[in-house]
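The structure appears right after this line, and notes come after that.
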Amino acid sequence: MRNEVRRLRVDLGLTQQALGAALGVSRQTVNAIEQDRYDPSLPLAIRIARHFGLTVEEIFHVDDA
Amino acid sequence: MLTTPSIRRAANRWAVLAVTVVGGAAMAVIMALRGETALAIVLPVIIVGYGLTVTFAAGRSDVAALFSGREEDERRRLINLRAGATTANVLMLVLVCGAFYEMLHGEFGGTFSRLSALGGITYAACSASYSRAKSKHSVDAAE
């Protein structure tokens, strides 16, 4: 599942550490999400969306096989 | 949204180091009482070194963080669950192979056989329990 987390984070001038602290997750988890190595749970995806002021669908894009 | 460590998290962060210090001290005493001076020095150094390494490397490494007991977010909890399950599968394989060895040597009912049975019963009980339990992700970033 592709996502816009890295672009949105950079646009806000946040480090991965800072975004992780804001979301309550580790820096490594933010990195894993940005690199598509980890799909966040629904509550975490909603927290991410709220943090950036967007909807979940605007940030996370499901690849239809 | 909580961004600072809770008291519980802070305690968890130092718990592994505390355990290794206590463990190292116990090893030193035991080895000293047995007259093994070299081990009385080397073993505590190794185990306290391990505690220091995982505690202070936890911020940079998922593995160190998990060894130091810091599974603060959902991804680390998932890694911990998967690593635990894989470890259990490997141990069960060893136990079952040991049970077959006992069977071949007419020792069926020995240690490996009983531990294999315990593993199977534990898995069945856990599966039944978790299939009935609520399975929800925590919505509190602090948990």
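The values are calculated or read from the model by the stated rules, or taken from the named source; none is laboratory data. Just so it is clear, the model here is predicted, and its values are computed rather than measured. Using ideal geometry, Cβ is built from the backbone for each residue, glycine included, and neighbour counts are taken over all protein chains shown. Only protein heavy atoms, including side chains, enter the accessible area calculation; ligands, DNA and RNA are left aside. Shrake-Rupley method; radii C 1.70, N 1.55, O 1.52, S 1.80 Å.
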**Study point:** Lone unmet requirement of (1) at negative phi; (2) more than 14 Å from chain A (Cβ to nearest Cβ) for B:Gly35
**Key:** (1)
Exercise for review: Considering each of A:Arg9, A:Arg2 in turn, give the residue that is within 25 Å of B:Val63 (Cβ to Cβ) and away from chain B (no Cβ under 14 Å).
Suggested key: A:Arg9
**Study point:** Considering residues of region A:23-48 that are among the aliphatic types (A, V, I, L, M) and surrounded by fewer than 17 Cβ atoms within 10 Å (Cβ to Cβ) only, the residue nearest to the other protein chains (Cβ to nearest Cβ)
**Key:** A:Leu42
Practice item. Taking the residues in region A:49-65 that are out of contact with any helix residue (DSSP H, G or I) (no Cβ under 8 Å at 6 or more places or on another chain) and hydrophobic (A, V, I, L, M, F, W, C) as candidates, determine which candidate is most open to solvent (accessible area, probe 1.4 Å). Key: A:Ala65
